Amino acid sequence: MTNPTIRDIERQANIQAGVESPGDATAAAANGVPMDLSYASIAAALANRYDSIYYVDLRNNHYVEYSSSPTFQELKVEISGDDFFGDSARNIRRIVHPDDQAFALMMHQKGYLLAELEKSGIVSITYRIMFDDVPHFYNGRFTRGIGADSDYLIVGWADVDSEKKREQAFEKHQGEHRLMRDINRALTSDYVKVYYIDLSDDSYCELTPDQKTGDLIVTMTGRDFFYDAQQMVRETIFHSDLGRLEASMTRDNMLELMGDAPFIITYRKLEAGKPVWHTLKALYSKDRSHVLIAIRDIDIQKRRETDYEYKIHSMSQLVNRDAMTGVKNKNAFAQEEIKWNQAIADADGSANFAVAIFDVNDLKEINDTKGHIAGDQAIIEAAGIISQIFKHSPVFRIGGDEFSVVLSQRDYARRSSLMGMLDDRMRSNASMGQVQIASGIAAFNSATDTSFSDVFRRADALMYEQKRQMKGYPSA
């Protein structure tokens, strides 16, 4: 097989560019079209499309480069040789961007490339070549030979760096545009209204998010926002929030409330007769010539918050509540102790409290003679009596039949009379054979007590003293 003529190469370039078909080239060769051109003609023909074209003999892999650019010469790429695919692999490892090398090496494997050519006729690849550590995009187009003798390959290389970077810039711009559009849609998705107010004359426009795109569109204009706002407030705002919002929506008050930071107010608006939560955010434009007011529907969010708070409260109640009696448990009592120890440590006079200790008498005898169900009932009755008398203080079950109350404020001031009420109830219970509760109480004394446990121990000792005394109560 002889090397291709210049006209062969030019026609192959036309085929790669899509301006001539293989059949046209074959017919021209068969008709004996003159093909004697100078190297200058070759360069002129190639300059419009390629920096370099390689002819590769597929029978022995010998190749020759026809170039119209010194670019590849500067890279010291061989312009001829006996192993196109081996030399290509070496050059790829030397001058192709590291991230593109695996792809480039795969595409220059002879078997793989020829298989791809069988599928599509032309193979086009683009990767980056390094010039002085700066990557440039190059595109290579591979075609098999034309005519009866097709055991050769034509490879055209073109510098596509500028157009590739234009494509990337365009794609980046499109991506940023999509990103900004998505951000805008996300930010405006829960706005129901946006008002833009010109402070020079209080004229305004109302904008509403488009249901499909999320873009804000002007739906109304007006001459005096603050006058119109007062009318809207009176007609639509839930009665409990009316006065507060009405006062906030006067011109002077709103501008004063904004100050150097946005003003935010939450309120309920009547929709179909039901109050729906909204929030209004008002802020100045950069030059303070306009005010932007954004109104959001936060009803779902508000209801979720309420539901969440209820669940947290319920969980807290479960953790700190005694299941059998319904009063607070030992875990809650430990938290109460921490609170009062902190008040004692602060020494600011806020540690005015008393601790009362209670114990159900003869519980073991009740369990042994009447059964544990009766014993549990005695504990429940004791908890009810203590809770009824000390109704303004937390009641804790701190043991099997032991309770405690921490008295502060109102019950602290009435602690003596409250303990007297309990003693009277116990005397009455004794006469009727009902549950008996021994008790003791001690108040914090800053002169002698250094912790909550000091007060607790004194109350506990007094409780055991009363337990002994109650043995003498008359019974039915």
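The values are calculated or read from the model by the stated rules, or taken from the named source; none is laboratory data. Owing to the predicted nature of the structure, the values given are computational and were not obtained by experimental measurement. Ideal geometry is used to build each Cβ from the backbone, glycine not excepted, and the neighbour counts take in all protein chains shown.
Brief remarks follow.
- ALA104 passes every criterion in (1) of a type in the set (A, V, I, L, M, F, W, C); (2) under 26 Å from TYR152 (Cα atoms); (3) in contact (Cβ under 8 Å) with a residue 24 or more places away in the chain apart from (3).
- Test set (1) touching a helix residue (DSSP H, G or I) at 6+ places or on another chain (Cβ under 6 Å); (2) buried (at least 21 other Cβ atoms within 10 Å of the Cβ) - SER404 fails condition number: (1)
- Once segment 334-353 is narrowed to residues that are among the polar types (S, T, N, Q) and assigned to a loop (DSSP other than H, G, I, E, B), the residue that is surrounded by the most Cβ atoms within 10 Å (Cβ to Cβ) is ASN352.
- Any hit, segment 16-36, residues being buried (at least 17 other Cβ atoms within 10 Å of the Cβ), closer than 18 Å to ASP159 by Cα and at pLDDT below 80: yes
- Of all the listed residues (ARG185, ARG181), the sole one being assigned to a helix (DSSP H, G or I), at pLDDT below 85, in contact with a Gly (Cβ under 7 Å, 6 or more places away or on another chain) and surrounded by 13 or more Cβ atoms within 10 Å (Cβ to Cβ) is ARG185.
- Test result for SER124, of a type in the set (Ser, Thr, Tyr), in contact with a Lys or Arg (Cβ under 8 Å, 6 or more places away or on another chain) and modelled with pLDDT of 90 or more: yes
- HIS313 satisfies every condition listed in (1) assigned by TED's automatic domain parsing to the domain that holds VAL360; (2) assigned to a helix (DSSP H, G or I) except (1).
- Meets criteria (crowded, with 17+ Cβ neighbours inside 10 Å, in contact with a helix residue (DSSP H, G or I) (Cβ under 8 Å, 6 or more places away or on another chain) and assigned to a loop (DSSP other than H, G, I, E, B)) for ALA356: no
- Index of the failed condition, ALA347 passing every other in (1) at pLDDT 90 or above; (2) on the phi > 0 side of the Ramachandran plot; (3) not acidic (Asp, Glu): (1)
Every residue, every condition in (1) touching a His at 6+ places or on another chain (Cβ under 9 Å); (2) farther than 15 Å from ILE295 by Cα, yes or no:
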| residue | (1), (2) |
| --- | --- |
| CYS205 | no, no |
| PHE225 | no, no |
| GLN231 | no, yes |
| ASP241 | no, yes |
| THR250 | no, yes |
| ASN253 | no, yes |
| GLY259 | no, yes |
| LYS269 | yes, no |
| THR279 | no, no |
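- Contacts under 8 angstrom Cβ, first residue in segment 110-123 being closer than 13 Å to LEU58 by Cα, partner in a helix (DSSP H, G or I), 6 or more apart: LYS110/PHE85; LEU113/MET107
- Residue satisfying all of: in segment 110-121; at pLDDT 90 or above and of a type in the set (Gly, Ala, Ser); nearest to PHE85 (Cα to Cα) among these: GLY111
- Every listed requirement among (1) part of a helix (DSSP H, G or I); (2) under 20 Å from LEU283 (Cα atoms) is met by LEU207 save one, (1).
- For VAL155: the one exception among (1) over 47 Å from the mean Cα position of the chain (by Cα); (2) in contact (Cβ under 8 Å) with a residue 24 or more places away in the chain; (3) loosely packed, with under 15 Cβ neighbours inside 10 Å: (3)
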